[in-house]
1. Going by what's in this entry, would residue 100 be described as within 16 Å of the ligand (Cβ to nearest atom), touching a residue at least 24 places away in the same chain (Cβ under 8 Å) and not in a loop (DSSP other than H, G, I, E, B)?
2. Return yes or no: is residue 123 in contact (Cβ under 8 Å) with a residue 60 or more places away in the chain and surrounded by fewer than 21 Cβ atoms within 10 Å (Cβ to Cβ)?
3. Restricting attention to the stretch 107-137, which residues are assigned to a loop (DSSP other than H, G, I, E, B) and either on the phi > 0 side of the Ramachandran plot or more than 16 Å from the ligand (Cβ to nearest atom) (or both)?
4. Within 16 Å of the ligand (Cβ to nearest atom), within 15 Å of the chain's Cα centre (by Cα) and not in a loop (DSSP other than H, G, I, E, B): which single residue out of 68, 46 fits that description?
5. Please return the ranges of strands (runs of 3 or more DSSP E) entirely within the stretch 142-239 where 1 or more residues are without any contact (Cβ under 8 Å) to a residue 60 or more places away in the chain and surrounded by fewer than 16 Cβ atoms within 10 Å (Cβ to Cβ).
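What follows is calculated from the coordinates using simple rules that are stated; it is not laboratory data. Bear in mind the structure is a predicted one, so any value in this text is a computation, not a measurement. Cβ: placed from backbone, ideal geometry, glycine included. Neighbour counts: every protein chain shown.
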Ligand code: PGA
């Protein structure tokens, strides 16, 4: 795993944007895997700003998002579709952007369709990930066994609690989600893991301990041949 430690979250976003820039300049029709959460917001701002400066564009690129709540209407303000529209898709033009559909009646069919769409376009070239305090990637929660393909997952209490900050009073927070499985994530040719903030310092240390903790899904990335971890100093505190 390649590690890049930056002085601030802003500089970490810049370093992560450099990875995207390199990817899109090398292959204009790249297939990009995207993530939600507070961590990538600065990166998405930076990508939008570089596009508006004309440094590169994503018009031939397509995207697949890691996960979506279930059940969740796409136009609900809390959906990951809404998040992506707000923070990236309204500012940057992609050839196609696929987010798992949290409104379907058959979630398992939707998951299988999603994986076959990724396969049909030749797989993901660059997958962006964040990490949960519990070590989850996407919504692949800590467990003794891991589902490989995209699947319907029961969220852990930790994750529901961590994400409750995004939900206002009277808004229903789902306790399930559709998420790429670790196998789907692992098939990406290149992975970029972005970690910022002191609250992630403990889980970050586990990732760099030189041990594959089976209850830390992110540790599976230790086995992937091309992972770049971009961190700020606060997240790298114990390294
Ligand atoms: P966060 O979420 O960026 O909001 O901390 C990351 C994650 O849970 O993957």
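1. Numbers: within 16 Å of the ligand (Cβ to nearest atom): yes; touching a residue at least 24 places away in the same chain (Cβ under 8 Å): yes; not in a loop (DSSP other than H, G, I, E, B): no.
So residue 100 fails the test.
2. Numbers: in contact (Cβ under 8 Å) with a residue 60 or more places away in the chain: yes; surrounded by fewer than 21 Cβ atoms within 10 Å (Cβ to Cβ): yes.
Yes, satisfied.
3. From the stretch 107-137, those assigned to a loop (DSSP other than H, G, I, E, B) are 121-125, 130-136; that's our starting set.
Within the stretch 107-137, 121, 122, 123, 124, 125, 135 meet the criteria.
4. Working: 46 fails: within 15 Å of the chain's Cα centre (by Cα).
Exactly one residue qualifies, and that residue is 68.
5. Correct list: 151-154.
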